[in-house]
Amino acid sequence: MKHIYSIAFVFLLAFCPKLHAQETETINVLIVDGQNNHQQWPKLTAMLKNYLEETQLFKVDVVRSAYTWEGEQYISEFPIEGVPPTIALEKPKSDPDFSPEFSNYEVVISNFGWNAAAWPEKTKQEFEKYMENGGGLVVFHAADNSFPQWEAYNKMIGLGGWGDRTEKDGPYVYYNDAGELIRDNTSGPGGAHGPQSEYQIKIRNTEHPITKGMPEFWMHTKDELYNSLRGPAENMDILATAYADPENKGTGRHEPALMALTYGKGRIFHNIMGHADYSADCIGFITTMLRGTEWAATGMVTQELPENFPDMETSRSRTPEK
């Protein structure tokens, strides 16, 4: 593998986390996408690929299902080199030839979403084996809506929403105002959110490599705040929460926002943020995705926080508002 040195990183844009001065191997990343109810999913893939590669720590490939759903205008507007043309359909359809070479990558980022058609059984089995043997996975926002019938995937992501998820899939998990972690087996659907707004992130685990050094509270830009997620929630460490305010149709609970999980020898980073381009433009979101991807791939984080990381009162975006 190609070796690079962090001294070159001082020339990166100010928002980019810098790496410690040590020899670092390039991390091979695979983004998988193709079916997501969020129209901007092709743009978000392009944004993430750009953010990751700008650090010079990651090399990113994209594998897209042959049949795509929603977001057709963004597919043409944000083309990805090496991704062949796809067939846009009115309804999701499974791609029988969707079979990425997972073993060529240290970490996979899923940008599939709600109602995405199931992967072929062989591909699912290969991905499960990849994770069991030490692969990495990053899911963000609608990726925790995906594949409700896939038992192993639900274990990987810990908590999910929509897709007819109910108490049969696991408890609600959240913090109460007293700071107690609650596993709530009350019956009810999984997955909800209020109107989009800025919201404050509270770090719950200050020693995890992904969140270490972050301020205890920081503001995230306009986004959906997922609440009432439920699932197996096994081998899961809640790194950060966000308060779902009842005045914004929230639960009045401190809902998981960032999570780290294990599945076999594999590591998973779960981030509820990233609804649209303005959400993914947040310096906090970018930083968590860069750090979370490195941790899922290697178990370590060498990237420092950017100087313009948001504080408890002010969100900050890569592209300043006009």
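The values are calculated or read from the model by the stated rules, or taken from the named source; none is laboratory data. Being a predicted model, the structure only gives us computed values, none of them experimental. Here Cβ is always computed from backbone atoms with ideal geometry, including for glycine, and neighbour counts include all displayed protein chains. In case anyone asks, the SASA skips ligands and DNA or RNA and just uses the protein heavy atoms, side chains included. Shrake-Rupley method; radii C 1.70, N 1.55, O 1.52, S 1.80 Å.
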Q) With 156, 131, 219 as the choices, which residue is open to solvent by less than 60 Å² (accessible area, probe 1.4 Å), in contact with a helix residue (DSSP H, G or I) (Cβ under 9 Å, 6 or more places away or on another chain), in contact (Cβ under 8 Å) with a residue 60 or more places away in the chain and within 19 Å of residue 286 (Cβ to Cβ)? A) 219
Q | Wholly enclosed strands (runs of 3 or more DSSP E) of the range 216-322 bearing at least 2 residues closer than 20 Å to residue 155 by Cα | A | 236-243, 254-263, 266-271
Q) Could you list, in sequence order, the residues of the range 290-314 that are surrounded by 20 or more Cβ atoms within 10 Å (Cβ to Cβ) and within 15 Å of residue 221 (Cα to Cα)? A) 310
Q: Answer yes if at least one residue in the range 50-69 is in contact (Cβ under 8 Å) with a residue 24 or more places away in the chain, in contact with a strand residue (DSSP E or B) (Cβ under 9 Å, 6 or more places away or on another chain), of a type in the set (Asp, Glu) and in a helix (DSSP H, G or I), and no otherwise.
A: no
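Taking the criterion of being hydrophobic (A, V, I, L, M, F, W, C), open to solvent by less than 10 Å² (accessible area, probe 1.4 Å) and modelled with pLDDT of 95 or more, would at least one residue in the range 113-120 satisfy it?
Kept after step one, since they are hydrophobic (A, V, I, L, M, F, W, C), are these residues of the range 113-120: 114, 116-119.
Then keep just the ones that are open to solvent by less than 10 Å² (accessible area, probe 1.4 Å); that gives none.
So far as the range 113-120 goes, no, none of its residues is hydrophobic (A, V, I, L, M, F, W, C), open to solvent by less than 10 Å² (accessible area, probe 1.4 Å) and modelled with pLDDT of 95 or more.
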**Q.** All positions within the range 179-207 that are in a loop (DSSP other than H, G, I, E, B) and open to solvent by 20 Å² or more (accessible area, probe 1.4 Å)
**A.** 179, 180, 185, 186, 187, 189, 195, 196, 204, 205, 206, 207
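Just checking, does the range 26-48 include any residue being modelled with pLDDT of 95 or more, of a type in the set (Val, Ile, Thr) and part of a helix (DSSP H, G or I)? Give the derivation first.
Narrowing the range 26-48 to residues modelled with pLDDT of 95 or more: 26-48.
Keeping just the survivors that are of a type in the set (Val, Ile, Thr) gives 26-27, 29, 31-32, 45.
Add one more test, that the residue is part of a helix (DSSP H, G or I), and what stays is 45.
Yes, the range 26-48 contains a residue that is modelled with pLDDT of 95 or more, of a type in the set (Val, Ile, Thr) and part of a helix (DSSP H, G or I).
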Q: Only residues in the range 245-262 that are free of Cβ contacts under 8 Å to residues at least 40 places away in the same chain count as the first member; pair them with residues that are hydroxyl-bearing (Ser, Thr, Tyr) and open to solvent by 60 Å² or more (accessible area, probe 1.4 Å), Cβ under 9 angstrom, at least 6 apart or cross-chain, and list the lot.
A: 252/243
